[in-house]
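Comments concern the structure below.
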Amino acid sequence: MDEQLRWMDATGQADLVRSGQVSAADLLAEARDRIRNLNPAVNAVIAELKSTSETSGSEENGSAEDAPPGELPFPGVPFLVKDLALEIAGTPFSEGSRWLSGNVSRHDQELARRFRRAGLAIIGKTNTCEFGLSPHCEPLLHGAARNPWDLARSTSGSSGGSAAAVAAGIVPMAHGNDLGGSLRYPAAWCGLFGLKPTRGRVPLGPEYGDVVGGLAAEFALTRTVRDAAALLDAVAGPAPGDPYWAPPRQRPYVAETVTPPGRLRIAATATPNSGQTVHPDYLRAFDAAVDLLGGLGHDVEEARPEPLGRAGHRAIRAVYAAAAAWIEGYWTRRMGRGPEPGELEPYTEVLFGRGRKVTAGDYLQGVEELQRFSRRVAGFFQTYDLWLTPTVGWPPLPLGTLTATPEDPVRGEREAGRFLMFDGEYANITGNPAMSVPLGTDSAGLPVGMSFLAGFGAEATLFRLAAQLEQARPWAGRRPAATVS
C-alpha cells in the first residue's frame, strides 16, 4: 500500500489527479489494495462494487466519467456507501438484516447520483446494524465492525462501518446517515469529523421524502473539515418535490473554511440530563475544549437548551416506535413477505413489537410535541451561536456490550445509557446542523469528540469554527495504532 495516499484526504487526492501526478485508476487500485489488506481486521466493507469507470456508466445513473477531471471536485476519489437507505441500482442492499439477505436495489437514490457526479468512485458498501436501529455496528448478518483504534472495541453506530473504513485509512471519506446521532457518535469514537447537515440540505429521494417526521439526514464521515465542506458543496440542494428546503447557503462552504468565525457566543455543558456518570477523561477533554475556545476569543458560558422533559420523551418514544412500524411495513410490502422466524435480531423484534402498539394519533401527537420543543430551542439560538457538549460521555465500549441476546433483548438499549447522555437527538428533532469534532484523546490514547449544535441552516458557522479548531489542534495526522501496518 502507498502510505502517503492512504492517509491523504479526498481533496488532496483530487488535486493529485488534476495535476496529473496520479491517475484515477491509480487511486482505485490503491483503494482496492487497502480493502484487501485492512478490511479483514476492521470488517468495515461488506460488499465491493464496480465503480462507473469500471462499467459502461450512464448519465442517468450520474456517471461523471466523460467530464474532465478539472471540472469535478473529487475526480476518481474512492468512496464507500453505507448499506442503509442510500440505494444504488444493481447492488446488494440488506440494511444489516438477515431478512433482506440477497435483496438487490433496482434504482439509484438522488444522493448516489450526486456522489458520482462529483467524480467519486463508489467502490463498496459499509457495515451497519440491523435497519440502523441501534447505536452499534455489530449485525448478525455481517458480523461486527471493529474500531481501528482498538479492535476489541465498538465503533458505535449506526454508521460504524463507514467510520471504521475512514479511520483505518481505507478511503478518505464515506457516506453515512443520522436519525439520532448515527454520524456523530461513530465520528467521536473513531476520531473523525462528523457533520449532520440541516434538515432538507441533502435530498433523501426519490424513494423517501419525510423520513420519521424529518429526523433523518444523509451525509458522510471525513478526516478533514475541507473534505466535508467540499462534499456538501457538491451534493447539497433540494430535488424537485422535496418536502423540506434548507435556507440557501450564502457562498460555497469551502470558502467558509478559510473565513474566521468571529467572536462566537457558545453555551457549554458537560452535565447529563439523566444523572449518568461522565468519564473523567471526557470531562478533562471538555474543559480543555472550553479553554481552547476561550483562548481563540470566543465567549463560552455554562448554559443549555431546556430539556425534553416528560412530554418530549414520550413524544420521541412514540416517534421512534412509529419508525419501527414503518420499517416493518415498508419491507414487508417490498419483500412480499414478513420476516421468517430467526431472520430478525432480538432487539429488532422488540422494536417491531413496540411499533405495532403505537397508534397514528400517538405518532402525530409526538410530532407536534417535538415541533413545539423545536420552537423553544430556536429561541435558545437567538442568544447563542452554538451549544457545546461532549459528543458521548464514555470511551468506546467492548464489542458485544451493546448487542442484544434472546435472553436479554434490550441489553444494548440499557447499556447505551453508559455513553449516550448529551442529547444528540436534539439535532434530529429540530433539524439543526451539528458536528462532532475530534478535539482530544483519553488516557488510553483513544479519540474524544466534542459536539457543537448550531442554529437552523447555520452550517457556515460550524465550518468556520471547525476549520479554526482543526488549525489550532490538528487531528488528521493521528494514526490508529491497531491498524497501522
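Laboratory data are not the source of any read-out in this text; all were calculated from the coordinates shown. Keep in mind it's a predicted model, so treat the numbers as computed, not measured. Methodologically, a virtual Cβ is constructed for each residue, glycine included, from the backbone with ideal geometry; neighbour enumeration extends over all protein chains shown.
Taking the charge dipole of the chain about its Cα centre, with +1 at Lys and Arg Cβ atoms and -1 at Asp and Glu Cβ atoms, the residue from 393, 240, 329 reaching farthest to the positive side is 393.
Which residues make up the longest stretch of the chain that has no trypsin sites (Lys or Arg not before Pro) in a DSSP loop with at most 16 other Cβ atoms within 10 Å? Result for the longest clean stretch: 107-262. Here the stretch 1-46 yields Rg over Rh of 1.01, to two decimals, using C-alpha coordinates and the Kirkwood radius. Size of the stretch 366-420: Rg and Dmax of its alpha carbons, in Å, are 16.9, 48.
Each helix, a run of at least 4 DSSP H residues, gives -39500 (n - 2.57); summed and divided by the residues of the chain, these come to -11000 deg cm²/dmol at 222 nm. Across the stretch 329-485 the C-alpha pair distances fall into 10 Å bins from zero in the proportions 8, 24, 29, 26, 12, 1 percent. In a simple Cβ point-charge model (Lys, Arg +1; Asp, Glu -1; nothing else charged), the chain has a dipole of about 540 debye relative to its Cα centre. The GluC sites (Glu not before Pro) of the stretch 406-448 that meet both conditions, a loop assignment by DSSP and at most 15 other Cβ atoms within 10 Å of the site Cβ, are 407. Using R0 = 41 Å, the C-beta based FRET efficiency linking residue 473 and residue 340 works out to 0.20. Counting only DSSP beta bridges whose two residues both lie in the stretch 3-483, roughly 70 percent are antiparallel. Between the C-alpha center of the stretch 270-339 and that of the stretch 399-439 there is a gap of 7 Å.
Cross-chain or 8 or more residues apart, Cα under 18 Å: how many lysine pairs in the chain fit that? Count them up, please. Number of lysine pairs found: 4.
If you restrict to DSSP beta bridges whose two residues both lie in the stretch 122-246, what percentage is antiparallel, to the nearest 5?
Given both bridge residues lie in the stretch 122-246, the antiparallel proportion sits at roughly 100 percent.
Sort out for me the Cα centre separation of the stretch 135-175 from the stretch 450-485, rounded to whole Å. Each part's Cα centre sits 19 Å from the other's. List the residues of the stretch 267-282 whose backbone N lies under 11 Å from a point placed 7 Å from the Cα of residue 288 along the Cα-to-Cβ direction. Label zone hits: 281-282. Residue 396 sits among other residues whose Cβ lies under 13 Å from its own Cβ, and their net charge, with Lys and Arg +1 and Asp and Glu -1, is -2. For Rg and Dmax of the Cα atoms in Å, the candidate list reads (1) 22.7, 87; (2) 22.0, 70; (3) 20.8, 60; the entry that matches the value derived from this model is (3).
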